[in-house]
1. Can you tell me which lysines have their Cα less than 21 Å from the Cα of A:Lys375? Leave out same-chain residues fewer than eight positions away.
2. Would you compute the Debye intensity of the range A:335-427 from its alpha-carbon atoms alone, equal scatterers and no solvent, and pass along log10 I(q)/I(0) at q = 0.11, 0.23, 0.25 Å⁻¹ to two decimals?
3. For A:Glu93 and A:Ser31 in the same chain, what is the full-extension length gain: residue separation times 0.36 nm, less their Cα-Cα distance, in nm?
4. What does the accessible area per residue of chain A come to in Å², with a 1.4 Å probe and no ligands, DNA or RNA counted?
5. What residue among A:Leu423, A:Gly376, A:Phe342 has its Cα farthest toward the positive end of the dipole of the range A:335-427, where the charges are +1 on Lys, Arg and -1 on Asp, Glu, each on the Cβ?
6. Take every Cα pair under 8 Å in the range A:331-428 that's 6+ residues apart, average their separations, divide by the length, and report that relative contact order as a whole percent.
7. Hey, what angle do you get for helix A:296-325 against the long axis of chain A, alpha-carbon based, 0 to 90 degrees rounded to 10?
8. Between A:Ala20 and A:Asp139, how high is the FRET efficiency from 1/(1 + (r/R0)^6) when r is the Cβ-Cβ distance and R₀ = 30 Å? Nearest 0.05.
Amino acid sequence: MNDIYSELGWRGLIHQTTDACSLSAWLRSGSRRVYVGFDPTATSLHVGHLLPLLTLRRFQRAGHRPIALVGGATGMIGDPSGKSEERNLLSVEELQANIAGMEGQMRRFLDFEAGDHAALLLNNADWMRGFSYLDFLRDVGKNFPVSVMLAKDSVRGRLERAEGGMSYTEFSYMLLQAYDFVYLSQNYDCQLQVGGSDQWGNITSGIDLARRMHGVPLYGLTCPLLTRSDGAKMGKTERGALWLDPDRTSPYAFYQYWINVADEDAGRCLRMLTEVEREEIERLEQSCVEHPEARESQRRLAQEMTRLVHGARGLATAERATAVFFGAAIEDLSDAELVEIFADVPSRELPAAELRDQGLALPDALVAAGLAKSKGEARRIIQQGGAYVNNRRHTDQQTCLTDADRASQTVMVLRAGKKRYALLRFTE
RNA sequence: GGGGGGUUACCCGAGCGGUCAAAGGGGACGGACUGUAAAUCCGUUGGCAACGCCUUCGCAGGUUCGAAUCCUGCACCCCCCA
């Protein structure tokens, strides 16, 4: 049994725990069941979910038995924790799609074949569905003093806001999650719940409930929120969350996010998100101080994260795309390779005939590719030295593109500025 | 109900009869520098068949050789008094 508690400690993954001394001893003394719950709020997990999920994975690697819980029931209500406003309820169809998507992703991070410490994937709808409202009020609700419920941050914060307020439905959310914990402790011998720091209130609700209903003590542990040194939430891009679904956030975009992490954040990310060993991380952190320009930490972080989420193949794609985006030759790649590498990049189809005769004027090509809103803007970009065809700069506005300018059979790679790429595909 | 102020390009904001496609700032975009960073610096920022033409200053009309600028009506916003 590896000492998971001290590993979580040096990785900076412990924000709060109940009774730290006995928790760490309890974890050392046997293979324990641990659970983390995720409400199905989208068809894909995002980086924000990763911290507790990977923590669960660490527990398993240390010899404990993880339970990943999908909130088919709680997702129908909506967790008010950390939300400033009442949210709309998800439809049953949405919920089904979300559950399916998130379950599939969660499976990849845990080992379900690991014999006596195999992971479990459960859905709280399975035990909540048959629970009648009256029974629930009598068995569970009776144990919740309203005064305690009102004191929870998630509730108080909302009630204090003049325009906020909160429905009875969301107010009840904590009872459901509390009951999950009790249920898992009774039926699966699970005595530890892990979650993000915003889950503290819900976790302690479960612990209180277990004590009142059955007189048993349970443990709770929360991970800190992963934030950037500038205060922003890690995993947020200009275009929204960083998703694990490759169709929402491509492996390349995912890789690039980590490559671009600020120096100050790289070490913390390595500790909290990767499975790189302590010595290695300390070496990388040293390198970050002495040779920041090498960006060894970021590179390693990007590799580890991309491999973890998208597999070796996803990492290979991302790295190849990175090489091409930042200067490698484009000419000797095939159609299929180009399309794969530039999967993120917007592409437009044009009839191949455009390249015949006079050819296609460069400004028109930039507009057609969506890199410029007007020909005037396209001309400006060319004039200022920002127009590239297959990574070669063109400064003459009169340039006309012909068959010879294709990078492969049907593809031409256009670029405006350093990073804005677009593909033109020429079809008969 | 009475009185006053406003509505300008992606945003803020100057302009108050011609020289206004409209100052300045922010943002965005391109370039240089660099570590695919930050900071900095330079340039661009309505459209087009482009030394010219067309469309833009809340909306609709009007005065004028000429209007973002003056007049009339309408819409929306803000402030003060009741």
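1. Output for A:Lys375: A:Lys418, A:Lys419.
2. -0.25, -1.18, -1.40
3. Values: separation 62, 0.36 × 62 = 22.32 nm, distance 3.77 nm.
Value of the extension gain: 18.5 nm.
4. Ligands and nucleic acids excluded, the figure is 47 Å² per residue.
5. A:Gly376
6. On the way: 171 pairs, mean separation 36.5, N = 98.
Taking the mean separation of contacting Cα pairs over the length of the range A:331-428, I get 37 percent.
7. Helix A:296-325 sits roughly 20 degrees off the main axis of chain A.
8. Calculated value: 0.45.
The values are calculated or read from the model by the stated rules, or taken from the named source; none is laboratory data. The structure displayed is predicted, hence computed values, not measured ones. Every residue, glycine as well, gets a Cβ built from its backbone with ideal geometry; the counts of neighbours run over all protein chains shown. These accessible areas exclude ligands, DNA and RNA; they are computed on the full protein's heavy atoms, side chains included. Shrake-Rupley method; radii C 1.70, N 1.55, O 1.52, S 1.80 Å.
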